[in-house]
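Taken together, the values in this text are just the output of simple stated rules run on the coordinates, not laboratory data. Predicted model, so just to flag it, every value in this text is computed and none were measured. In this analysis, Cβ positions are derived from the backbone assuming ideal geometry, glycine residues included, and neighbour counts consider all displayed protein chains.
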Amino acid sequence: MAGEDKKQQPFDSKAASSLVAELRGAFASGTTRSYQWRESQLRGLLRMTDEHEQDIVAALRSDLGKPELESVLYEAAMLRNSCKFALKELQRWMMPEKVKTSLTTFPSSAEIVSEPLGVVLIISAWNYPYLLSLDPVVGAIAAGNAVVLKPSEIAPATSALLAKLLGEYMDSSSIRVVEGAVPETTALLEQKWDKIFYTGNGRVGRIVMAAAAKHLTPVVLELGGKSPVVVDSGINLQIACRRIIVGKWGNNNGQACIASDYIITTKDLNELETFYGKNPLESKDLSRIVNSDHFTRLTKLLDEDKVSKKVVYGGERDPTKLQIAPTILLDVPRDSLIMNEEIFGPLLPILTVDKLEESFDIINSGAKPLAAYIFTNDKKLKEHFVNNVSAGGLVVNDTTVHLAVHALPFGGVGESGIGAYHGKFSFDAFSHKKAVVYRSFMGDAAIRYPPYTNGKLRLMKALLGGSILGILRALFGRS
Amino acid sequence: MEDETKAPEEMERELEEMRECYRSGRTMEASWRKSQLKGLLRLLREREEEIFRALHQDLGKHPAEAYRDEIGSLIKSVNYALDGLKRWMSGNKAKLPRLALLTTAKILPEPLGLVLVISSWNFPIGLSLEPLIGALAAGNAVVLKPSELAPECSSLLANAIPHYLDDKAVKVIQGGPGIGERLLLQKWDKIFFTGSARIGRKVIAAAAEHLTPVTLELGGKCPAVIDTLSSSFDRKVAVQRVLGAKFSSSAGQICIGVDYVLVEKKFSSSLVELMKMMMKKMFGENPRESQSVARIVNKHHFLRLRSLLLDPLVKSSIVYGGSMDEESLFIEPTILMDPPLQAAIMMDEIFGPLLPIVTLNKIEDSIEFINSRPKPLAIYVFTKDEPLRRSMVSKTSSGSIVFNDAIVQCLVDTLPFGGIGESGMGRYHGKFSFDTFSHQKAVMRRSFLVDVWFRFPPWNDHKLQLFRSSYHYDYLGIVLTVLGLKRTNRASKGI
């Protein structure tokens with residue numbers, strides 16, 4: 001097993017190259033292409049998640065202090081749903097899609113056939129380490145590929161669990177886990193893959209894409225950004241706040257790519273802060289900060305001079321337990337650190353503007369985020385937001401919920417990512433859509449071939465124009 | 001070219017102005033997009049003669065070829081886009097489960113912003129304007145960099161486009177590799193590149209710096225597998241189509257042209273005889289005089305092609321043609337029989353009017369032959385045998401696969417046109433062009449009226465159970481739990 005190998009010898013370029021060669025052999029044998037194989041592997045993932053839910057919860061608690069309910073809901077249940085949806089739809093997804101052909105290629109028939117890409121690499125993140133490792137794997141398997149998964153080393157308990165469980169439940173001739181950090185990832189990135197799927201930050205995303213460029217390997221990059229929440233007046237503030245709170249601190253204590261990063265609202269909504277005070281979150285219901293690097297990073301954001309006085313709620317932290325309390329800041333300067341990088345933690349700055357329309361300019365002046373949210377009952381404002389704010393995904397009057405909708409593509413734009421997945425989009429992300437045309441030997445037009453003459457030119461114009469009348473006229477030499 | 005001398009600050013300023021123009025929202029309007037597409041239509045109709053002249057000058061193309069492959073195809077594509085635009089812009093509703101009361105979800109396409117289209121020299125008008133159609137239909141601002149190797153066409157585009165399109169949002173920047181490199185250093189919202197894999201790698205490496213998505217339309221060695229056909233009618237048609245695909249489009253300088261032929265040994269000699277006969281019909285006794293063979297684009301490529309035939313073993317495999325004229329950059333349509341597989345002509349994409357025929361013991365061997373080489377942009381199979389057809393589709397991989405014809409797949413608007421592996425990434429044509437220049441934005445709308453109250457902390461088993469039921473869309477379970485009639489899993493396990 002890959003996990004055990006690591007203890008014996010370093011996973012270097014040579015090991016990576018022979019791993020890929022082995023999987024290519026497995027793929028070439030055709031094993032992963034059959035419906036039976038794909039179905040059995042997906043069922044394996046489902047069984048694995050069902051039978052080891054407590055182990056998963058324990059690993060997530062060890063890695064992130066994640067509350068059990070979050071682990072069960074946002075990781076196990078979502079992964080199960082993903083598997084079930086894929087199992088339900090797989091046969092339909094695998095079927096070729098017939099398309100209409102026109103007079104130009106008459107007589108002919110055509111279809112689009114989905115075929116697997118081959119051997120794919122999935123590099124996962126640490127914040128939802130179970131879900132973000134296996135959700136892409138669901139897509140890769142459904143599409144019939146051989147897979148190498150590299151879980152994040154920053155969530156080591158989950159990484160080890162994945163290596164062990166996938167080794168037990170999946171077909172290891174075609175599905176493998178490689179554990180490790182930078183050296184192992186680098187060795188993997190040197191190889192030629194048919195697709196690389198990466199979840200993480202923009203800095204490493206660039207490294208992944210540059211490595212993929214050498215082999216002309218297509219990528220999906222699920223990155224992040226500062227997902228803003230625009231809050232209007234004249235709404236049910238209580239519901240809005242609850243949705244914002246759960247979307248922020250109920251999601252791994254803010255360490256989620258689509259968590260609300262910051263709020264923009266008008267000055268007359270300062271009651272927001274007092275409202276949060278009325279919704280204390282139990283500390284055992286909150287994840288801790290994943291490691292000391294991130295803890296230091298977050299405290300630095302909090303302690304910056306221009307910002308430290310702006311805390312209106314929370315601000316407590318415990319370095320020994322790597323815990324930071326839910327913290328709200330009001331009116332931080334736009335050029336502060338906290339407003340210039342993705343927070344990815346339990347700090348929520350609130351910006352105030354005179355007119356809410358200004359918030360759109362603020363959002364559009366920065367990098368395109370993975371998600372953007374607005375709470376409003378104003379129809380015009382809603383339409384303006386939807387049509388003018390560019391982000392991976394938008395939600396009106398809620399936060400983060402679009403993640404759970406299979407029918408919506410989940411992915412970024414610009415700095416927040418390339419490509420999308422979830423539901424059928426996962427299957428598509430790991431497939432090649434091959435165009436197939438069937439023609440008969442009949443129905444040829446001499447005008448296609450040399451020798452070229454002006455008469456043929458006339459006929460060609462008519463034929464490409466597609467009108468029967470035009471063709472007849474050209475045939476009779478009249479155009 | 002004039003643009004080479006443009007100072008870097010000037011180029012950046014121009015691009016920033018274009019981004020400003022994009023941000024003003026002008027290009028997003030349906031009316032703007034329509035006007036641009038109609039402008040392209042007018043350009044193609046009004047400047048037809050000029051385009052014929054430029055294509056003849058750059059590549060020696062006859063107007064019939066120019067119309068068939070470039071102008072006519074573009075007109076069809078613009079009309080298709082005009083027809084579909086409103087529908088494409090409105091996006092798609094996404095189906096939600098019943099649990100999601102008073103919630104709607106939709107996928108709304110939006111433009112990416114400022115995009116770069118880098119075109120190739122072999123279909124210099126077609127490969128510049130076809131991506132442009134998609135970029136404009138999707139509402140983007142566009143910079144087009146035509147190939148400097150087709151200078152008349154590049155000039156034509158640079159001169160004509162400002163007259164027919166919005167010159168604040170659509171610009172043509174001319175130049176060679178120097179300009180190309182400078183353009184690649186900028187931050188684009190998308191880069192669309194047609195050309196060789198070598199440059200394709202540079203494009204995607206540059207794009208990686210800015211996390212810019214790319215579409216690369218590259219090439220490869222597209223094989224034509226010719227099965228032993230019993231009907232002489234079928235044989236004639238097959239040969240005509242293969243020869244047409246090889247020689248009559250840009251003299252073989254076409255990414256989806258037939259690169260080489262695979263045929264069974266026992267059929268090969270009659271195939272070659274038939275080919276020779278057809279060649280005479282198409283190109284006459286003196287192909288150089290015929291108007292039907294395009295020129296090689298420049299000396300560099302001419303010498304490249306000539307050197308493919310220098311190897312004596314390759315030279316001795318020539319069974320038809322072989323003459324060349326450096327001054328007029330003419331290469332006669334040439335057929336070779338079984339040149340050595342290690343020779344450059346069998347390893348590199350030929351991109352010229354040289355057609356190697358490779359003989360096999362069984363036609364099924366063609367599958368392994370093709371699979372042991374990089375995935376091509378297209379595979380062509382001439383056969384009536386059903387099992388062979390099915391095998392070819394399921395056992396080989398290529399951008400596209402066509403039965404009993406070649407090249408025509410690029411005319412089908414409903415099919416994605418693109419490569420896989422070394423032959424490219426991404427696709428376009430028809431609605432795929434619109435999609436390739438769009439971001440598919442997920443939009444979800446919720447009501448304040450309905451909420452799943454158990455979404456919120458503090459957490460407990462009761463809420464956990466409700467969640468379990470919800471995720472399984474077990475509506476009855478939810479009702480029972482709420483009514484207190486269903487115990488939580490924990491409770492029933494006695495935990």
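Listed values, structure above:
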{"quantity": "Shielding by other protein chains, A:27-34, mean Cβ within 10 Å", "calculated": "1"}
{"quantity": "Point-charge dipole on Cβ atoms (K/R +1, D/E -1) for chain A, about Cα centre, debye to 20", "calculated": "2320"}
{"quantity": "Pairwise centroid distance, computed over Cα atoms, of region B:361-388 with region B:168-204, Å", "calculated": "35"}
{"quantity": "Sequence ranges A:211-223, B:38-50, ranked by mean other-Cβ count within 10 angstrom, highest first", "calculated": "A:211-223, B:38-50"}
{"quantity": "Beta bridge orientation in region B:223-418: antiparallel %, DSSP, nearest 5", "calculated": "15"}
{"quantity": "Exposure proxy ranking, count of Cβ atoms within 10 Å, fewest first, for B:ILE173, A:ILE239, A:ILE324", "calculated": "A:ILE239, B:ILE173, A:ILE324"}
{"quantity": "Semi-axes of the equivalent ellipsoid for the protein assembly as shown, Cα gyration tensor, largest first, Å", "calculated": "53, 32, 25"}
{"quantity": "Computed [θ] at 222 nm, helices only, for the protein assembly as shown once each DSSP H run of length n ≥ 4 contributes -39500 (n - 2.57)", "calculated": "-13000 deg cm²/dmol"}
{"quantity": "Over chain B, volume per residue of the alpha carbon convex hull, in Å³", "calculated": "207"}
{"quantity": "Value of relative contact order over chain A, rounded to a whole percent, pairs C-alpha under 8 Å and six or more apart", "calculated": "18"}
{"quantity": "Shielding by partners - mean other protein chain Cβ count within 10 Å, residues of B:419-428", "calculated": "4"}
{"quantity": "If the convex hull is drawn through the Cα atoms of region A:15-96, its volume per residue in Å³", "calculated": "129"}
{"quantity": "DSSP-defined antiparallel bridges as percent of all bridges, region A:228-412, nearest 5", "calculated": "15"}
{"quantity": "Region B:137-283: relative contact order in percent, alpha carbon pairs under 8 Å with at least 6 residues between", "calculated": "17"}
{"quantity": "For region B:223-418: relative contact order, % (alpha-carbon pairs under 8 angstrom, 6 or more apart)", "calculated": "27"}
{"quantity": "Spatial separation of Cα centroids for region B:214-258 and region A:106-134, in angstrom", "calculated": "30"}
{"quantity": "Sparsely packed trypsin sites (Lys or Arg not before Pro) within region A:290-392, loop by DSSP, other Cβ within 10 Å at most 16", "calculated": "A:LYS309, A:LYS321, A:ARG334, A:LYS355"}
{"quantity": "Within chain B, percent of DSSP bridges classed antiparallel, to nearest 5", "calculated": "35"}
{"quantity": "Over chain A: Rg over Rh, Cα atoms, Kirkwood Rh", "calculated": "1.07"}
{"quantity": "Partner chain coverage, peptide B:395-401 - average Cβ within 10 angstrom", "calculated": "5"}
